[in-house]
Each structure stands twice: as C-alpha cells, then as structure tokens.
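Right, one structure below, let's go through it.
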Amino acid sequence: MQKKDILTLPLIPMRGMMMFPRTVLHFDVGRKKSVAAIEYAIEHDRKIFIAAQKDPEIEEPDSADIFSIGTVAEIRQVLHLSGDNMRVLAEGLSRAKLVSAKMSDEGYFAQIEEIPQFDMENMDEKMQVLMRSAKEYFEEYAMNASKVSPELLRAVKRIEDPDHLVDTIASSVIGDFNKKLEILAIEEADKRLVAISTFLAQESELASIERMVQLKVKMQLDKNQKEYYLREQIRVIQEELGEDDQELYDEFEEKAKKLPLNTEAKEKVEKEIDRLSRLAPGTPESAVSENYVRRILELPWGKYTQDNMSLERARQILDEDHYGMKEVKERIIEFLAVKSMQKNAQKGAMKGSILCFVGPPGVGKTSIVKAIARSMGRKFVQMSLGGVRDEAEIYGHRRTYIGAIPGRIVSGIQQAGSMNPVFLLDEIDKLGSDFRGDPSSALLEVLDSEQNNHFRDHYLEIPLDLSKVMFVTTANTVSTIPAPLLDRMELIEVSSYTEEEKFQIAKKHLLKRQIKENGLPAGSVKMTDEAIKFTIEGYTREAGVRTLSRTLSKIVRKAAVEMLENKQKSKQVGVEKAEEYLGARKYLRSDLIKQPTVGIVNGLAFTTVGGEMLAIECVAMPGKGNFSLTGQLGDVMKESAQAALSWVRSKGRELNIADDFVQTHDIHIHVPEGAVPKDGPSAGVTMTTALVSVLTGKPVRQDLAMTGEMTLAGRVLPIGGVKEKLLAAYRAGIKVLCLPEENQKDVQELPEYIVNSFEIHYVSRADEVISIALVS
C-alpha cells in the first residue's frame, strides 16, 4: 500500500465558516497568528489550509478545537484594512485531513493529508446513474424552491466530475453548517452523491409542501378579501337604493303573526327569523335559514275545505266515473256515512280506519280515490310509493345535510293548500327497504290516527296535525305489505272486470275520453257494439282497462287520419275497420276439445292480470317410476302434484289401478305456456283428475273446468280469485264447473248472467270431482 504524502501548510481556523473545493470565499483575518499565516503563504506558494473551529468563541484555538476535515485553498487576493486586519479572497483546491496543528508566534501551521480526487477513468455505469440522479433531484429542487438561479442550474448540468458536482451543489443550497461539514467529510465519491441526493429529495418535498401551504394561504386571503370587498359594495349599493333585507324579515314576522301556528312552531319561527337577521346576507347559512322559514310559512296553517257529506252526491259522482263495482261503491258510501256521523258527534274530529283498495292493475283504484275527493269537496294529493326505499322520503332530511328538504307528506300538504286533503298513498305494496331505513315503518305513525296529530317531519322539527287528512292507499296484493301496516288499514277488494263491464266502460267512458284527449269533436268517431266487443276479445287480455284504453286511442288516431284524408266530419268503425286499424288479432280463443280426452283437464288459474284457463296434460309410459313436472312450476305447485300422486296411489284399488303402476310406468305432467311461471295450490284437484284419467284410461269431459286445493286425505280446500277464474271459464265457453264447497259464497258476487251460464258442482272431496269429470 502506497503511503500518502504529508504536507505542511499555513492554517486558517474559521469561526462559523467553511469552504468547498472549486469555490471562492471572501473572509476577514484579524488574529495575529492568522495574519502571520497569510503573510507566510504569500511569501511562499500562496497555499493555505482552511478548517472550521468547533467553538467560534475560542480566541486562541489549539488542534483539538479544530475540525479534522478542511480545504486546501490558494490565495488570489489580499486587501489590507485598517489596523492589522486583512480581507482575503481564496479559491478552494482540494479536501484534506488535519493530521496535526502547530500553534506558535509565527502563526498557525498544519500537517495535512490530501484526500484524493475522483479519477475520471473510474467512471462506470453506477457512477453515471448516481450523477444523473443527483442532477435530477437538483432540478426538481430548483423547480420547488426559488433559491436556485437559472445560471447555477445550467452550470450544474454541465459538470462531469462527481466531487465537483457535490461541492457545487452543497455550497449553493445547504444552509446548515453541520450538514456541510458532513458532506465535506465523506471521502468516497459515490457515497457523497448518495448523501447529496438524499438531502435534495428531502428538501424538495419540504419545499413542495411549503409552496402548497403558501398557495392555499394566499388563495384564502384573496377569497376573504374579495368577499369583504363585494359585501361592502352590496351594502353601499343597498343603502343608496334604499333596499335592505330588513323588509324580508318584517314580511316573515308579519306573516307569522297572522298564521294560526301552534306554540312550538311559533317559537321556532320567531327564533329562526331573529337568527336570520343576524346572519350576513348572501352566506350559505342565511340561504338555509331563509328557506326553512319559508317552508314553514308556506304550509296551509288553519286552511280547511268544507266537507260535503251528501251521500246522494257521492253516489252520483261514483256512478259518473265508474261502471259497475256495486260492492265497492256501497262500501265507500258506508265509509262516508260513518265519517259524517263522526264529524257531527265529535265536532270535526274524523278518526277511523284507513281505506286500502286492493286489486289488479287498471281496475280503477286511483280514479275511485279521486272520485271520493271530488264527492267530498276536498283537495286531492297523490304520492306514489313504488320503489321508495328511503324513510327520508316520508320523514324528510334533517337540516344538517346540504340540500335538505321536507318529506313528501309535508310537501303533499303544501301542494294541496289545505290541511284536510284526500291523500292517496299509491302502490303501498311495492315499498322497499335497505340500509337507508324502512319506509313502511315510517308510515306507521302517519297512518295511525292516535299518533298523527303531532307528526314531526325531520326537516321542520315542529308538530304537524295530520289527523284531519283522509289517507287512502292502493295495492295490487296484500302479501307484501308488512303486518303492522296492514293492521292499520281496512281492505276493499276491487276485482277484475267482466267482459260486459269492459264493454260498458269502453262505450260510456273510454271512447269518449280518447276522442277528447286526441282533440277530435265529440261524437266524431263512433264504434258499433260488435266492434267494441271484437276489440276487447281480440286485442286485450287484462283484469282492468288500461290496454283497452290505449287500443281505443289507436283506433281514434287511425280514424282521424282517414277523416282528414277523405275530408269527413265523422267516422263509423265496425269490426272490419277495427281489424284494419289494429292489425291481426293478438289473442285468439282456442276452441275447446269437443270429445272427452284422456289425460287433459281444464284448470283455472288466477294471475296479476286476471283469470286464465290452463289445460293440464298428463301422460304415462312404460318406465321405472319416474315422475316429471314441466311448465316452469313453482315449489307449491310441485308439492301439490306430489300430494295428488300419493292420494292416487293410496286409492289405487278403489280406482282399479294396478298396484305396481309406480314401478312400471313413468308419469309426466305438463302445464302449457312453459315460459310463464306458475305456482299455487289451486291446481291440486286438476292434477289429481289428470292422473286418474291416464292411469284408468277414462277420458275427461272437455266442457268442464275445475279448481281447488287438495289434501292427502282427499279433501278439497277453498281457493282465492274465484271471480277472475269464473270469468276466464266464461270467456272460454266452459259449461260445467267443479268448485270447492267453501267457495260458494264467492260465486254470489258475480253477475247473475255469468253464474246462470254454468252448471256448478260444489265439492268437498276428490272422489266427487272424479265422478263428475270422468266419462265411463
């Protein structure tokens, strides 16, 4: 190993200062020994060793008081000042270690060992990467800090020597004295590059954060100054024009005094108006407060419509708007009569059950409620609950939320302009619930006459009396309505229309309405009775009349086109013309099989659009006892088929069926229209009859239809939807019916002409059905 040379140079101890190689430094010298060292250097090779003192307060330092790393520098210029002081300009040449120091009257002298500079022949890929990284960090630092001049940035980019790069950057950007000494003391060039890159990365991030904070502070100051300036301008302009928000506050106070607010509402409004007057105009808080006061004052406090409880007028209006529906109308008249008696006895209090009209779509549930409102002389408000999942729709949102508004109950009262409207809650069976709450639970308070006299909306936060509001609900089914909510309502069933009722509705109401809605003169389009019946039978299949109404609208529009083209004032539409307008028939009544047939039984089903007749088919074939069910059947219907098979097996000997038919035959039951889901227990007797027919070989009457749930013991249980099922049988031309004995009371609700068209057998056991249906 080669021994490094030891040099002796004049020593200049620096107080609070240091220098890097390849940099220039001005410094003043005043101590005698330092002056002597400078003079000695000038007389010889002008080189000195500059090192920093550990403690700047020491006047006469020794070697222990000086840092062991310094810089060899060359004196470029000396300027003699007053006294014995000097101003020296020196340029750093290289770094060196202090080996020892000699303090004498002739000056400070140091023995040093120079630290070798980086040899450019050793520049490899690692050093190139470190160099490039250091330059990139310096460039990023320059972008975030305003301390770096463009000239320095360009100079740094041109440097190729690693030590030169580190010295230039460290002397330019590092302010901390100890950090400078740390960088100066690192000997290896690669470690110096890593150290300066780490420092630059930290400083760049801090500079970025500092810059962002300063920008935010500046923006906030600018915003505050702008708002203050604009507010002052607005205030001066309002003063000049004589306009002030005080007029608004006075208007609110005057209106609040005139309204019959309850005590809590009055206190709340007065407090909010006082708060509003102290808020700065134009602020978000003032807008929220003003909107809140307006919402309260715009409610129809103390406004009630005078009820007209004339039963005769109610009957007249109900008959005007609705054909048939005798039982429904009578129930409404009874309801109004009871309300009238309550009002007379209790001086205006009208508490009682909530009506709920249940029935298929399009049968007139909503229009009945409108007729009730018209007959009583009350305002009508409708709120659709279909798909509502947030209880805030009922109770409203609290004012802490941005954009909060009252619930739809309060909004409906405000819309009606009366505190006692007829309030329709439509499609109550389609309420949902999720993480935002359960609206059906929120409705419990609204529909409870013992609680709704102090209903509190979350937005208003004041008690509101809903006891005089007449709430009415509608639903397609009660199966999805929660039990507590259902308990608060009185159900009125609105059943499907018969074809005769549809015919009368179309003739007396729908056709006239479509002529009016399409802008044609009254009576300009006329349809024969046959054409109306043809339209009903061939183009609609529904429980109500919505599709029929749209179909008649199409006929009216087509007729209007022909009237304009042919310059006619009226148009008579017969069967042929109706078919020309509407195109091919959508629904064709399939003719009944004329001859008794083995394994095919006519069943009756109830769907959401009314009744349907389904021909249930059954076949048996040699096999291993497999039992197949097809036709997209639900679990209940599959269980009914299993129960039917079990009953048939238990009665095999009585029915003359072989004991081993289960092991030797595969049985397949199919319900046509396989794309339509089917479920329910009412096909039990139908599938039983089909099984017995196939296994005994006896044909089934095809002019007969049946419905009823069957037990394993063979009892026939009652079912629902009797009216709709009988209407389907009537449309299909069925002559004989088998119905559960307990459903006899339901048949009485049908028109007499429909009941008289059937030969009805009321049965209580499956044996009776088989004896009627099978042909020996």
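The values are calculated or read from the model by the stated rules, or taken from the named source; none is laboratory data. These numbers come from a predicted model, not from an experiment. Virtual Cβ from ideal backbone geometry, glycine too; neighbours counted across all protein chains shown. What goes into the accessible areas is simple: the full protein's heavy atoms, side chains included, and nothing from ligands, DNA or RNA. Shrake-Rupley method; radii C 1.70, N 1.55, O 1.52, S 1.80 Å.
Of the conditions (1) over 21 Å from Leu424 (Cβ atoms); (2) open to solvent by 10 Å² or more (accessible area, probe 1.4 Å); (3) touching a residue at least 60 places away in the same chain (Cβ under 8 Å); (4) not small (Gly, Ala, Ser), Asn518 clears all except one; give me its number.
All conditions pass for Asn518, except number (3).
Output the residue which, of all residues in segment 474-509 that are open to solvent by 50 Å² or more (accessible area, probe 1.4 Å) and acidic (Asp, Glu), is farthest from Ser524 (Cα to Cα).
Taking the candidates together, the pick is Asp487.
Please state which one of Arg158, Arg154, Arg192 is farther than 26 Å from Ile115 by Cβ and basic (Lys, Arg).
Arg154
Could you tell me whether Gln316 is exposed (fewer than 14 other Cβ atoms within 10 Å of the Cβ), modelled with pLDDT of 85 or more, within 16 Å of Met419 (Cα to Cα) and more than 33 Å from the chain's Cα centre (by Cα)?
So Gln316 fails the test.
Determine, yes or no, whether Ser549 is buried (at least 19 other Cβ atoms within 10 Å of the Cβ) and either part of a helix (DSSP H, G or I) or at pLDDT below 90 (or both).
Judged against the criteria, Ser549 is a match.
Looking only at segment 645-671, count every residue that is out of contact with any helix residue (DSSP H, G or I) (no Cβ under 7 Å at 6 or more places or on another chain), in a loop (DSSP other than H, G, I, E, B) and surrounded by fewer than 15 Cβ atoms within 10 Å (Cβ to Cβ) and tell me the total.
5
Here is a check on your reading of the model: is Pro677 open to solvent by 70 Å² or more (accessible area, probe 1.4 Å), out of contact with any strand residue (DSSP E or B) (no Cβ under 6 Å at 6 or more places or on another chain) and over 21 Å from Thr707 (Cβ atoms)?
no
Quick check on segment 17-59: of everything there that is under 23 Å from His80 (Cβ atoms) and in contact with a helix residue (DSSP H, G or I) (Cβ under 8 Å, 6 or more places away or on another chain), which residue is surrounded by the fewest Cβ atoms within 10 Å (Cβ to Cβ)?
Restricting to residues being under 23 Å from His80 (Cβ atoms) and in contact with a helix residue (DSSP H, G or I) (Cβ under 8 Å, 6 or more places away or on another chain), the top hit is Lys47.
Going through segment 605-624 one residue at a time, which ones are small (Gly, Ala, Ser) and either modelled with pLDDT of 80 or more or over 51 Å from the mean Cα position of the chain (by Cα) (or both)?
Ala605, Ala615, Ala620, Gly623
Are there any helices (runs of 4 or more DSSP H) wholly within segment 144-223 with 1 or more residues that are farther than 23 Å from Ala52 by Cα, and if so which?
150-158, 162-173
Could you name every one of the helices (runs of 4 or more DSSP H) located completely within segment 355-435 that has at least 1 residues being over 18 Å from Pro300 (Cα atoms) and either over 16 Å from the mean Cα position of the chain (by Cα) or not hydrophobic (A, V, I, L, M, F, W, C) (or both)?
The helices (runs of 4 or more DSSP H) meeting that bar are 365-376, 392-395.
Could you list, in sequence order, all residues of segment 69-80 that are open to solvent by 60 Å² or more (accessible area, probe 1.4 Å) and either touching a residue at least 60 places away in the same chain (Cβ under 8 Å) or assigned to a loop (DSSP other than H, G, I, E, B) (or both)?
Answer for segment 69-80, where residues must be open to solvent by 60 Å² or more (accessible area, probe 1.4 Å) and either touching a residue at least 60 places away in the same chain (Cβ under 8 Å) or assigned to a loop (DSSP other than H, G, I, E, B) (or both): there is none.
Tell me whether segment 333-345 contains one or more residues that are open to solvent by less than 50 Å² (accessible area, probe 1.4 Å) and assigned to a loop (DSSP other than H, G, I, E, B).
Checked segment 333-345: no residue is open to solvent by less than 50 Å² (accessible area, probe 1.4 Å) and assigned to a loop (DSSP other than H, G, I, E, B).
So how many residues does segment 79-124 have that are touching a Ser or Thr at 6+ places or on another chain (Cβ under 7 Å) and among the acidic types (Asp, Glu)?
Qualifying residue count for the region: 1.
Out of the residues in segment 368-397 that are out of contact with any Phe, Trp or Tyr (no Cβ under 9 Å at 6 or more places or on another chain) and on the phi > 0 side of the Ramachandran plot, which is least open to solvent (accessible area, probe 1.4 Å)?
Per the stated criteria, the residue is Gly377.
Name the pairs whose Cβ atoms lie under 7 Å apart, with the first residue in segment 592-620 and within 25 Å of Ile667 (Cβ to Cβ) and aliphatic (A, V, I, L, M), the second at pLDDT below 80 and part of a loop (DSSP other than H, G, I, E, B), and 6 or more positions between them or separate chains?
Here the result reads Ile600/Ile593, each pair linking segment 592-620 to a residue that is at pLDDT below 80 and part of a loop (DSSP other than H, G, I, E, B).
Taking the stated definitions as given, is Glu709 within 27 Å of Val328 (Cβ to Cβ) and touching a residue at least 24 places away in the same chain (Cβ under 8 Å)?
No; evaluated as a whole, the condition is false for this residue.
Determine whether Arg731 is open to solvent by 60 Å² or more (accessible area, probe 1.4 Å), basic (Lys, Arg) and at pLDDT 85 or above.
Spelling it out, it is not the case that Arg731 is open to solvent by 60 Å² or more (accessible area, probe 1.4 Å), basic (Lys, Arg) and at pLDDT 85 or above.
Go through segment 296-318 and report how many residues are over 11 Å from Ser375 (Cα atoms) and of a type outside the set (Ser, Thr, Tyr).
Total satisfying the criteria: 9.
Does any residue of segment 421-428 turn out to be open to solvent by 20 Å² or more (accessible area, probe 1.4 Å) and over 17 Å from Met383 (Cα atoms)?
no
Where residues in segment 144-180 are farther than 28 Å from Glu121 by Cα and in contact (Cβ under 8 Å) with a residue 40 or more places away in the chain, which of them is least open to solvent (accessible area, probe 1.4 Å)?
Ranking the qualifying residues of segment 144-180, first place goes to Ala145.
Of all residues being of a type outside the set (Lys, Arg) and free of Cβ contacts under 8 Å to residues at least 24 places away in the same chain in segment 555-581, which is least open to solvent (accessible area, probe 1.4 Å)? Just the residue, please.
For segment 555-581, the residue satisfying everything is Glu562.
Name the pairs whose Cβ atoms lie under 8 Å apart, with the first residue in segment 107-124 and more than 20 Å from Ala64 (Cα to Cα) and open to solvent by less than 50 Å² (accessible area, probe 1.4 Å), the second assigned to a strand (DSSP E or B) and among the hydroxyl-bearing types (Ser, Thr, Tyr), and 6 or more positions between them or separate chains?
Ile115/Ser94
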